[in-house]
Amino acid sequence: MREILGRRRKPLFRRSGRSALLGAALHCATEWQWPVLPGVGLRPAGRQPAGGRLGLGERAPRRCNCPDADCVVPGAHPFDPGLLAATTDARMVRWWWTNRPDAPIVLATGGRAPCAVSLPAVAGARALAALDHFGVRTGPVVATPTRWSLLVSPYGLPELGELLSSQDWVPSSLRFHGEGGYLVLPPSPTGAGKVRWERPPATSRAAPWLPKVATIVDALVTASTSTPDGGSRLAY
């Protein structure tokens, strides 16, 4: 009995390496009914881009596996298959990650799936602190080394347009992942580092609770406007 009472809650997707990606993708698709697909991923660590040279003891940088040598979101976007292939079918998800075990997990946002609002990491931390101060409940938050993304309930363009039109100015560093968009989910590897949960979903089979975008957009705009340099460069 003591062991049961003293047992800590297990973190979401508690696995390591490649099995963690497959497990997380299956959980999102089958338990939460979030449509996912494998991202393009990164080139193998030792694979040198054409024409590149390395010094003694140096390792080739992790580059995107897509044809764009200057990809600004290395590994962290769909390519083949395309975004329209996103599915909740367990057999398809298992086949994808069995054949590409290192592939990032890409969520197709909008429709019945969550949407998201992303902003630079410093601004994201300020926004969460402000929301917490005023007692505003937030949902899961996805973090990369440079950007944080707050998951929200699905919204449409008319609703979003009305919200933004009431703002004096919307910084270019604030981005909206709605219908036809995507978001890379933990524990995906990207060129900037591993994606993680800043605020993880509850460890349950039920899909995570999500706030409406209207309840958080003011804090995100304010935090982004007041953050030095704005972080407008698209990077993960």
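The values are calculated or read from the model by the stated rules, or taken from the named source; none is laboratory data. What you see is a predicted model, and the numbers here were worked out from it, not measured in a lab. Using ideal geometry, Cβ is built from the backbone for each residue, glycine included, and neighbour counts are taken over all protein chains shown. Note: accessible area is taken over every heavy atom of the protein model, side chains too, but ligands, DNA and RNA are not part of it. Shrake-Rupley method; radii C 1.70, N 1.55, O 1.52, S 1.80 Å.
Criterion applied to 142, 170 was being open to solvent by less than 20 Å² (accessible area, probe 1.4 Å), free of Cβ contacts under 8 Å to residues at least 60 places away in the same chain and not small (Gly, Ala, Ser), and the one residue passing it is 142.
Taking every residue in the range 122-135 that is over 14 Å from residue 215 (Cα atoms) and of a type outside the set (D, E, K, R) and pairing it with any residue that is part of a helix (DSSP H, G or I) and open to solvent by less than 40 Å² (accessible area, probe 1.4 Å), at least 6 positions away or on another chain, the pairs with Cβ-Cβ distances below 6 Å are 123/223; 123/224. Taken over the range 67-100, the residue count meeting the criterion of being under 19 Å from residue 28 (Cβ atoms) and either of a type outside the set (Asp, Glu) or in contact with a helix residue (DSSP H, G or I) (Cβ under 6 Å, 6 or more places away or on another chain) (or both) is 23.
Looking at (1) in contact with a Pro (Cβ under 9 Å, 6 or more places away or on another chain); (2) touching a residue at least 40 places away in the same chain (Cβ under 8 Å); (3) open to solvent by 60 Å² or more (accessible area, probe 1.4 Å), can you tell me which one residue 194 breaks? The one condition residue 194 does not meet is (2). When only residues in the range 83-110 that are of a type in the set (Ser, Thr, Tyr) and open to solvent by 20 Å² or more (accessible area, probe 1.4 Å) count, which is modelled with the lowest pLDDT? Among residues in the range 83-110 that are of a type in the set (Ser, Thr, Tyr) and open to solvent by 20 Å² or more (accessible area, probe 1.4 Å), the one modelled with the lowest pLDDT is 98. For first residues located in the range 61-82 and closer than 16 Å to residue 102 by Cα, partners that are among the basic types (Lys, Arg) and lie 6+ apart or on another chain with Cβ distances below 7 Å form the pairs 62/43; 63/43; 65/43; 74/62; 74/63. Checked against (1) under 15 Å from the mean Cα position of the chain (by Cα); (2) touching a residue at least 60 places away in the same chain (Cβ under 8 Å); (3) over 29 Å from residue 43 (Cβ atoms), residue 151 passes all but condition (2). In this structure, does residue 80 turn out to be at pLDDT below 95, open to solvent by 70 Å² or more (accessible area, probe 1.4 Å) and farther than 30 Å from residue 171 by Cβ? Against the criterion (at pLDDT below 95, open to solvent by 70 Å² or more (accessible area, probe 1.4 Å) and farther than 30 Å from residue 171 by Cβ), residue 80 qualifies. The set of residues in the range 16-46 that are modelled with pLDDT under 95 and either in a strand (DSSP E or B) or loosely packed, with under 13 Cβ neighbours inside 10 Å (or both) comprises 16, 17, 19, 42, 44, 45, 46. The residues on offer are 164, 128, 160, and the sole one that is at pLDDT 95 or above, open to solvent by less than 60 Å² (accessible area, probe 1.4 Å) and on the phi < 0 side of the Ramachandran plot is 128.
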